[in-house]
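Since the structure comes first, as structure tokens, the remarks are kept for the end.
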Amino acid sequence: MTVAPLTTFSGSESFPAFSPDGKQMAFQWNGPKEDNYDIYVMLVGTAAPVRLTTDAAIDSCPAWSPDGRRIAFFRVSGQRGR
């Protein structure tokens, strides 16, 4: 078995959540500019994430619905990610 990171982005990535089928991963990341935490999704085995949220508040803790069609997350209003 070989252990390999799923991402190698700059900044801080946290709260990974795999889709029910295991093909996608949602996670919190402070982005390429490391200026705000948003929710991103990527296909496992690819290098390019898709940004789902763009609010100035901190978005965190993504969780997939059982059917894999929706993602719930927390938004901390009144604070800006750093």
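A few comments on the model shown:
- Here the range 60-79 is the region considered, the condition is being over 13 Å from Phe15 (Cβ atoms) and of a type in the set (S, T, N, Q), and the residue that is modelled with the lowest pLDDT is Gln79.
- First in the range 39-58 and over 12 Å from Ile71 (Cβ atoms), second anywhere and surrounded by 13 or more Cβ atoms within 10 Å (Cβ to Cβ) and of a type in the set (S, T, N, Q), Cβ under 8 Å, 6 or more apart: Met42/Thr7; Met42/Gln24; Leu43/Gln24; Val44/Gln24; Pro49/Thr7; Ala56/Asn36; Ile58/Asn36
- Checking Pro5 against (1) without any contact (Cβ under 8 Å) to a residue 24 or more places away in the chain; (2) touching an Asp or Glu at 6+ places or on another chain (Cβ under 8 Å), the condition it does not meet: (2)
- Check on Thr46, under 14 Å from Phe9 (Cα atoms) and of a type in the set (Val, Ile, Thr): yes
The values are calculated or read from the model by the stated rules, or taken from the named source; none is laboratory data. Fair warning: this is a prediction, and the values are worked out from it, not measured in the lab. Note that each Cβ is placed from the backbone with ideal geometry, even for glycine, and that neighbours are counted across all protein chains shown.
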